[in-house]
Amino acid sequence: MTTQDSTELELGDIQAGALMPRPHPYAGAYLALRIDDRNAGRELLRRLIPLLDPVDKFDPARPVSLAVAVSFAGLQALGVPEESLATFPAVFQQGMAARAADLGDVGDSAPEHWEAPLGSKDIHLVVTALARDTSLMESLVLLAEDAIRDLPGVAPIWHLEVHVAADGREQFGFSDGISQPTVEGTGILGSNPLETPLKAGEFVLGYEDETGVVAPVPQPEVLGRNGTYVAFRKLHQRVAAFRQYLAEQAADQAEQDWLAAKMVGRWQSGAPLALCPDKDDPELGADPERNNAFMYGDDPRGLKCPMSSHARRMNARDAVITGQVQLHRMIRRGTNYGPSLPPGVLEDDGADRGLMFAFVGAHLDRQFEFVQRQWINDGKFIGAPAETDPLIGGFENREFTVPKRPIRRRVQGIPNFVVNRGGEYCFMPGLRGLRWLADLDT
Ligand code: HEM
């Protein structure tokens, strides 16, 4: 590790798709490609690079955008030399399926149940296409398909259409995508004015991070610098089971809404419990100036927002927990896939619906994997070893405590509401890194 000073961020090299906020609302698609012939793979990169925006050319008014990420198997398929491959972190080299036990991908979420070809060594490139609406989206997918045409050595093997609704709600009915970290040096405002911006090295390779050092960058430098890691997960949501569970636990709709809000840490409108613990405030929920301007320090017992709620687990802000919050933050992109379950329906209709989750960060192990292991599937860090994340913790028969006076409320027998249908770890190089890959002559 080196302790050199971080220099100014090279915003002309970092892919906009890594750091920039997405349009809202939007339609999108994830396309996975297999490279059968390395020269065809390199030619595809040459065709894609001109379609990618760097951060400093990013125009929020631009209606469409693409981003490109490569798995470890993809780097191998492109012919990246051994001495370079060996400089990538071990967990990335192994891929997400091999990390299943650590990530809590067991039972229904275990790789043997994943949707093919997810989890196989065939996922080489992942192209993310985003557009403001569905018709633009179709033209964007055509553009990406055009780039692949007459390249028989590259095969599109999987795709998923995703969308973010105008009201920003995910499939359980909650407003999502509200809270993101601020990244120092990007000029992108975070959503919480009370949080200190995080060092760029938490999200982009080649810069100082929150530990005060520049972490090792995959070599050669031109490939690794300005890159970042992305963890994709296709998370199926058991919406009917979620509603049924709430209905069983609560006497009426108001109590169901209350319990669901306690599990999430926000009301459905997005209003945080930290600011309105007892009653939803939709105006607050819809106000981006206020809906993330809060900390938890004045609520050490979780009487407003339970320590074990999803949002508080995922970012405990200034609350006292075991460990340091700023070492485990992430940029997070969640998009819905599949039809929504109509309001009020309690029976599962068999449709595949959920959230295509994407983590972005420079440290797969101490950010994404740590969060899966300690903050989602355990509770020791908040002094509740028997609890997991009540919304997304990956096991059956779980419990959740709502601190409350005079006595707490504890619910038990919580089923697993979220099943991982598959995913992969990818590296999202900077534009120079992509060019280096395209120009390989091995
Ligand atoms: C189907 C799965 C999931 C659903 C339905 C879901 C839902 C939500 C909702 C409703 C919020 C509150 C809105 C916001 O603050 O933006 C939220 C926040 C968050 N979620 Fe999730 N989430 C899911 C999976 C995950 C996973 C797998 C991770 C991490 C590995 C994660 C990390 C976060 C983080 C970091 C926040 C922001 C916390 C904050 O800064 O206050 N979520 N999620």
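The values are calculated or read from the model by the stated rules, or taken from the named source; none is laboratory data. Since this is a predicted model, take the numbers as computed values, not measurements. Backbone-built Cβ (ideal geometry, glycine too); neighbour counts: all protein chains shown. Please note that ligands, DNA and RNA were not included when accessible areas were found on the heavy atoms of the full protein model with its side chains. Shrake-Rupley method; radii C 1.70, N 1.55, O 1.52, S 1.80 Å.
How far is the Cα center of the stretch 83-134 from the Cα center of the stretch 369-442, in Å?
Here the two parts' Cα centres lie 15 Å apart.
List the residues, sorted by chain then number, that are 5 or more residues from E208 or on another chain and whose placed amide H is less than 5 Å from its amide H.
S6, T7, G201
In what sequence, highest mean first, do 363-372, 392-401, 9-18 appear when ranked by Cβ atoms within 10 angstrom? Could you put the intermediate results ahead of the total?
On the way: 363-372: 20.8, 392-401: 18.8, 9-18: 22.4.
In descending order of packing, they fall as 9-18, 363-372, 392-401.
Can you tell me the dipole magnitude for the chain around its Cα centre, using point charges on the Cβ only (Lys, Arg +1; Asp, Glu -1), in Debye to the nearest 20? Show your work: numbers first, answer last.
Values: 44 positive and 61 negative charges, 156 e Å.
Charge dipole of the chain: 740 debye, to the nearest 20.
Show which lysines lie in cross-link reach of K121 when reach means a straight Cα distance below 22 angstrom and same-chain residues fewer than eight apart are skipped.
List returned: K234.
How large, in percent, is the carbon and sulfur part of the accessible surface of the stretch 234-308 at a probe radius of 1.4 Å? If you can, show how the numbers build up before the last one.
Working: 1570 of 3190 Å².
Carbon and sulfur: 49 percent of the exposed surface of the stretch 234-308.
Just the projected area, averaged over all directions, of the convex hull on the alpha carbon atoms of the stretch 1-132: how many nm²?
Values: hull surface 43.0 nm².
It is 10.8 nm².
Show which aspartates and glutamates lie in cross-link reach of K380 when reach means a straight Cα distance below 15 angstrom and same-chain residues fewer than eight apart are skipped.
Cross-link targets: D389, E399.
Taking the Cα centre of the chain as the origin and placing charges on Cβ (Lys, Arg +1; Asp, Glu -1), which of V91, V164, L303 is farthest toward the positive end of the dipole?
Result: L303, furthest along the dipole toward the positive end.
Return the inverse of the average 1/r over all pairs of distinct C-alpha atoms in the stretch 233-280, which is the Kirkwood hydrodynamic radius, in Å to one decimal. Please report the intermediate quantities before stating the final value.
Numbers: mean 1/r = 0.0872 Å⁻¹.
11.5 Å is the Kirkwood radius here.
Would you mind putting 143-150, 63-70, 181-188, 234-241 in packing order, based on average other-beta-carbon counts within 10 Å, highest first? Write out the running numbers ahead of the final one.
Working: 143-150: 14.5, 63-70: 23.0, 181-188: 17.9, 234-241: 21.0.
In descending order of packing, they fall as 63-70, 234-241, 181-188, 143-150.
Pairing the Cα long axis of helix 239-249 with the longest principal axis of the chain, what angle in degrees results, from 0 to 90 and rounded to the nearest 10?
20 degrees
Radius of gyration and Dmax for the stretch 62-190's Cα atoms, expressed in Å?
17.9, 48
Can you give me the angle between helix 38-48 and the longest principal axis of the chain, using Cα atoms only, in degrees from 0 to 90, rounded to the nearest 10?
It works out to around 70 degrees.
Provide the net charge surrounding P429, with neighbours chosen by a C-beta distance below 11 Å and charges set as Lys +1, Arg +1, Asp -1, Glu -1. Could you put the intermediate results ahead of the total?
Details: positive: R225, R432, R435; negative: D13.
Spelling it out: positives minus negatives among the neighbours equals +2.
Where a Cα-Cα gap under 28 Å defines reach, which lysines qualify for K279, not counting those fewer than 8 residues away within the same chain?
K262, K304, K404
Write down, largest first, the equivalent ellipsoid semi-axes of the stretch 342-442 in whole Å, where each equals the square root of 5 times an eigenvalue of the alpha-carbon gyration tensor.
Numbers: eigenvalues 283, 87, 23 Å².
Ellipsoid half-lengths, sorted descending, are 38, 21, 11 Å.
Sort the following peptides by mean Cβ neighbour count (other Cβ atoms within 10 Å, averaged over residues), highest first: 408-416, 323-331. Mind showing how you got there, number by number?
Details: 408-416: 14.9, 323-331: 17.7.
Answer by packing, highest mean first, reads 323-331, 408-416.
Could you give each residue of the stretch 168-177 its phi-based ³J(HN,Hα) in whole Hz, using Karplus coefficients 6.51, -1.76, 1.60 with θ = phi - 60°, and x for Gly or Pro?
With the stated coefficients, the stretch 168-177 comes to x, 7, 7, 5, 6, x, 9, 4, 10, x Hz.
Nearest 20 debye, what's the magnitude of the dipole of the stretch 116-197 about its Cα centre given +1 on Lys and Arg Cβ and -1 on Asp and Glu Cβ? Spell out each step's value before the answer.
Details: 4 positive and 12 negative charges, 25 e Å.
Here the stretch 116-197 has a charge dipole of around 120 debye.
Calculate the radius of gyration of the Cα atoms of the chain to one decimal place, then report Dmax, the largest Cα-Cα distance, as a whole number, both in Å.
Rg, Dmax (Cα atoms, Å): 21.3, 70.
When the helix-only estimate is applied to the chain (DSSP H runs of n ≥ 4, each -39,500 (n - 2.57), divided by the residue count), what is the mean residue ellipticity at 222 nm, nearest 500 deg cm²/dmol?
-5500 deg cm²/dmol
If K262, K279, K199 are ordered by their accessible area, calculated over protein heavy atoms with a 1.4 Å probe, which sequence runs from highest to lowest? Show your work: numbers first, answer last.
Numbers: K262 5, K279 150, K199 65 Å².
The ranking, largest first, comes out as K279, K199, K262.
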